[in-house]
Amino acid sequence: MGKGFFISKAVGIAAIIVGAGALATIIALSVVYSQEKAKNNDNVLPTDGGTTSKPPVTTTAPSNEPWDKYRLPKSLVPDHYNVTLWPRLKQNLTTGLFIFTGQSTVEFVCAEETDLILIHSNKLNYTKRENNHLASLTSLGGVKAPSIKSSWLQQVTQYLVLQLDGKLMKDHRYHLHTDFTGELADDLGGFYRSEYMEDGVKKVVATTQMQPTDARKAFPCFDEPAMKAIFHITLIHDLGTVALSNGEEKGHDVQKTVFQPTEKMSTYLLAFIVSDFSFINNTIDGVLIRIFARTPAIAAGQGDYALNKTGPILKFFEKYYNSSYPLPKSDQIALPDFNAGAMENWGLITYRETALLYDETFSSNSNKQRIATIIAHELAHMWFGNLVTLRWWNDLWLNEGFASYVEYLGAHEAEPEWNVKDLIVLSDVHRVFAVDALASSHPLSSKEEDIQKPAQISELFDAISYSKVTSLTAFQHLKFTYLAEFAFGNAGYTDLWSHLQMAVDATGTDIPETVSNIMNTWVLQMGFPVVTVNTSTGIISQKHFLLDPDSEVTTPSIYNYEWIVPIKWMKTETIQHPKWLKNESVTIDEMKVSGSDWVLANINVVGYYRVNYDQGNWERLLGVLSTNHVAIPVINRAQLVDDAFNLARAKIISTVLALRTTKYLNKEREYMPWESAVGNLDFFYLMFDRSEVYGPMQDYLRNQVTPLFTHYKSLTDNWKNVPVGHMDQYNQVNAISLACRTGLRECQNLTNQWFNQWMETKLNPIHPNLRSTVYCNAIAAGGAKEWEFAWSQFKNASIAIEADKLRYALACTKQPWLLNRYLEYTLDPNMIRKQDATSTIVYIANNVIGQSLAWDFVRARWSYIFTQYGGGSFSFSNLVNGVTERFSTEYELQQLKQFKEDNAEVGFGSGTLAVDQSIERTIANIKWIAENKQNVLDWFKAEEKP
Ligand code: BES
Ligand code: ZN
């Protein structure tokens, strides 16, 4: 443990109590003042009261001063911090604000002589110390510290800047002390507040979300992942409330909880929480596991599933990583307001309520799967991410991508019956294929110097970072020598490759090049190939797959858009020896087939590429699908459909060929192929649900899905039972959703009847697995009465998972006035929580009636939405992509371009890339419709002819 430095208890408390009294108002006011001032100030926020010399004020052209750079200089290295924070859970009645006050001392070592201290600080207001400065400096070891010449807050780059009148000396240690105040706002970032009602009383939780760059909003800190330090945390809080942080509670005083010092760790993994939540706990091999949530949720047993699964998953990862869990406790807490799904704070993982709380009567199998996988994901980070941390955010993909892969292994451990690993193809491979096929995609790895601003960092949390590495599945044979070497330190991807290489060498795995040569082709260039197998010549070749073949790739690649591709394949039901494709093309004689033989490549989709065949082989594969589809592995049946539809979108094969892959579905009962088809047909709905193709398409699909609907009807004894298998439960939802969507009368009657029964008896007869789709269909078929009923159920739901199903379904109404009113609700936090605003707007945009309403709404209020709701990393790109998904006309394209232009000044933050991706998608859609509409219409019509 680090050598702690503690502020004397008496001094600490005295300062805080003074603050609590008369000064509270002044502090609160000064928060408002500084924030108002910040808004009005371009760049520099002087708070030195004019008593010290001021640095040049940056106006238009940014100067090249160190405080104008987003990255910290390397001159100072933090060792440990002592931080005391006091969040006020009651509103100040004069100012209307919630605030927190704090004190911090950081001990740092000077690595290079300097007369400048830069430390991150955002939206904090400082109490002046000696000589009216924002901080004070002392030195350790006898020498005198230089005095502070000038101190100010640099707003754009988020620094507290201290200019000294002399140099800090190399290898000497110093203490920097600050007293500060911040607003405990409901903004979901840094130290923030979350509110909820309990027994008619409004309650407030103070909690944190630091990743990626908001620790600086809670206290001044060297807020970069490589600036690891030890943190001594103290929280001041009222009697009757519980304080939590990364470390174990060391001691309680009347008004405060002191925590054990943390391990050496990054600032983005810190967490501080004050609440009056309850918890349940158990202990596994000396590690204390606790689940915290609102008291009624814990009392109802909603934390039990998480508690039961955490221990086994933790044990699994200890074995997997060959490294014991490094902390004495593992807390997990469900928060009513939380921007992401969950956050891996070391020792104190935070979740949305829907991602942690489970209740048999309300939660679907999909909700349950999400809880198991998200717990596994965050626990995986305890080692990969927390113990060994990326050096800088450009390597974020390594952290998130790896966790997104091993979450499946952890979830499989928790629920071995589910076969969750198979779902990687649907949830990750297909997800990332969709964006990585655009010319506006980007390589996994970015250059360190290209990632500087907080919004650039936030933007990295995208489908590429999360899902591309998962799709590469290169980690399968990894042995964790890597963790041992870099524990408590920082590493990059090249370190990982060399450790992977050691594992490959040790096991004698046969690969054609070094790990690094192979992996770099996937990591350093964007996109992926389509591999074409010509079974009449035996030639297999590769080409960069672009959804729009006319789009221009402006990003150069050192590998010329060629990859080192593993080819696993089968010939007519027999798996063959795998091959590698290293160049543009190669001839493999065994791939030449004749007669009725067929070739299928990328078995079980272990490779990150699409496959195309010569027409003859396609015909033979279609023949197998129609006569004996089980001869093709189920994952590949899903893949054939997905490849065909996407190859058709890229004009590599005809759209009719793609549609023909859906003909066998009337015999298909498995979830994966159906889900893949539904996903691809969604694109057809988006493109055609406003056109004359719609009717014939509905007729065809209704015919295809009816046997599946009937299958589940009899399997469940007329909908009374639940299918046994996890995947079967999912496919039952597909059967009902698609049957109702395509207008199967029996389905619509069923869902309406269930919903009416609920409205009349107030007893909900609908199984949780089916609720989202049943609610949606009933609300779509109904009017204001159904909507209002669902809204009141939404407002009164006792578990967020039920509220979420209703929130989704409320967007399904066909009444424009209800949709418009619902849109208005999304920006009123009393109606829809801030965390849910953007996803609700996207739900509305997915509705064919809601589409243009949502687009108009977002356009009209962009700058408000952006400033009020712009914090999250995922939400903004999802919003932009979501409201533009259906765009497929010149007119919509013009509007989109206009939108980009009109808001250039406000900006798009973490949604910047999404705007370009949407433009590119719209252009591709316009062309696709022009070329395909007639064929598609003719095909659907012909299919309906007896
Ligand atoms: N570190 C992230 C949470 C996060 C995301 C923080 C973006 C800041 C910005 C966490 O590990 C994560 O990835 N959470 C996912 C869940 C996971 C199962 C994919 C999430 O929040 O959805
Ligand atoms: Zn993660």
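More than 11 Å from ligand 1 (Cβ to nearest atom), closer than 17 Å to Gly607 by Cβ, touching a residue at least 12 places away in the same chain (Cβ under 8 Å) and not in a loop (DSSP other than H, G, I, E, B): is that true of Asp422 in this structure?
Taking the combined requirement at face value, the residue satisfies it.
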Problem set entry | Qualifying positions in region 298-325 - part of a loop (DSSP other than H, G, I, E, B) and farther than 11 Å from Ile280 by Cα | Ala300, Asn322, Ser323, Ser324, Tyr325
Exercise. In region 351-369, which residues are within 14 Å of Phe338 (Cβ to Cβ) and either acidic (Asp, Glu) or in a helix (DSSP H, G or I) (or both)?
Worked result: Glu353, Thr354, Ala355
Problem set entry | Which numbered condition Val429 fails, given (1) β-branched (Val, Ile, Thr); (2) away from ligand 2 (no atom under 14 Å from the Cβ); (3) without any contact (Cβ under 8 Å) to a residue 60 or more places away in the chain | (3)
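Report the residue count in region 719-761 for those that are within 26 Å of Ser676 (Cβ to Cβ), charged (D, E, K, R) and surrounded by fewer than 17 Cβ atoms within 10 Å (Cβ to Cβ). Full working, then the answer.
Within region 719-761, the subset within 26 Å of Ser676 (Cβ to Cβ) is 719, 722-744, 746-748, 750-751.
From what is left, the residues that are charged (D, E, K, R) are 728, 741, 746.
Adding the requirement that they be surrounded by fewer than 17 Cβ atoms within 10 Å (Cβ to Cβ) leaves 746.
Adding up the residues that qualify gives 1.
Just give me the residues in region 637-684 being among the aromatic types (Phe, Trp, Tyr) and within 27 Å of the chain's Cα centre (by Cα), in sequence order. Give the steps one after another, and end with the answer.
Taking region 637-684 as the starting set, the residues that turn out to be among the aromatic types (Phe, Trp, Tyr) are 645, 664, 671, 674, 683-684.
Phe645, Tyr671, Trp674, Phe683, Phe684 - these are the residues of region 637-684 that are among the aromatic types (Phe, Trp, Tyr) and within 27 Å of the chain's Cα centre (by Cα).
Answer yes if at least one residue in region 174-184 is in the same structural domain as Trp86 (by TED's automatic domain parsing), in a loop (DSSP other than H, G, I, E, B) and either more than 22 Å from Gly96 (Cβ to Cβ) or not charged (D, E, K, R) (or both), and no otherwise. Show your work before the answer.
First, the residues of region 174-184 that are in the same structural domain as Trp86 (by TED's automatic domain parsing): 174-184.
Narrowing the set further to residues that are in a loop (DSSP other than H, G, I, E, B) leaves 184.
Okay, now just the ones that are also either more than 22 Å from Gly96 (Cβ to Cβ) or not charged (D, E, K, R) (or both), so 184.
Yes: region 174-184 contains one or more residues that are in the same structural domain as Trp86 (by TED's automatic domain parsing), in a loop (DSSP other than H, G, I, E, B) and either more than 22 Å from Gly96 (Cβ to Cβ) or not charged (D, E, K, R) (or both).
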For this session: Mind counting the residues in region 361-381 that are touching a Phe, Trp or Tyr at 6+ places or on another chain (Cβ under 9 Å) and away from ligand 1 (no atom under 11 Å from the Cβ)?
Result: 5
Problem set entry | Residues that are part of a loop (DSSP other than H, G, I, E, B), touching a Leu at 6+ places or on another chain (Cβ under 9 Å) and under 24 Å from Val599 (Cβ atoms), drawn from region 525-561 | Phe545
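For region 510-556, what are the residues that are over 34 Å from the mean Cα position of the chain (by Cα) and in contact (Cβ under 8 Å) with a residue 24 or more places away in the chain? Let's see the steps before the verdict.
Within region 510-556, the first condition is being over 34 Å from the mean Cα position of the chain (by Cα), and the residues that meet it are 510, 512, 533-541.
Correct list: Pro512, Val533, Asn534, Thr535, Ser536, Thr537, Gly538, Ile539, Ile540, Ser541.
With the structure loaded, tell me whether Gln211 is part of a strand (DSSP E or B) and of a type in the set (S, T, N, Q) or whether it fails that test. Before the answer, list the steps.
Working: part of a strand (DSSP E or B): no; of a type in the set (S, T, N, Q): yes.
When the stated conditions are applied, Gln211 does not pass them.
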Seminar exercise, completed: Residue hits (region 326-347; buried (at least 21 other Cβ atoms within 10 Å of the Cβ), more than 14 Å from ligand 1 (Cβ to nearest atom) and in a strand (DSSP E or B)) are Ser330, Asp331, Ile333
For this session: Would you check if there is a residue in region 730-748 being among the β-branched types (Val, Ile, Thr) and farther than 25 Å from Leu426 by Cα?
Result: no
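Listed here are the residues, each with its yes/no results for (1) within 14 Å of ligand 2 (Cβ to nearest atom); (2) of a type outside the set (A, V, I, L, M); (3) touching a strand residue (DSSP E or B) at 6+ places or on another chain (Cβ under 8 Å); (4) free of Cβ contacts under 8 Å to residues at least 12 places away in the same chain.
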| position | (1), (2), (3), (4) |
| --- | --- |
| Ser323 | no, yes, no, no |
| Trp346 | yes, yes, yes, no |
| Glu353 | no, yes, yes, no |
| Gly385 | yes, yes, no, no |
| Leu390 | yes, no, yes, no |
Exercise. Would a scan of region 578-593 turn up a residue that is assigned to a helix (DSSP H, G or I) and under 22 Å from Leu472 (Cβ atoms)?
Worked result: no
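Going through Leu160, Leu116 one at a time, which residue ends up being within 21 Å of Ile230 (Cα to Cα) and assigned to a strand (DSSP E or B)? Don't jump to the end; show me each part of the working.
Working: Leu116 fails: within 21 Å of Ile230 (Cα to Cα).
One residue alone meets the criteria, Leu160.
The values are calculated or read from the model by the stated rules, or taken from the named source; none is laboratory data. Just so it is clear, the structure is predicted and the values come from calculations on it, not from any experiment. Here Cβ is always computed from backbone atoms with ideal geometry, including for glycine, and neighbour counts include all displayed protein chains.
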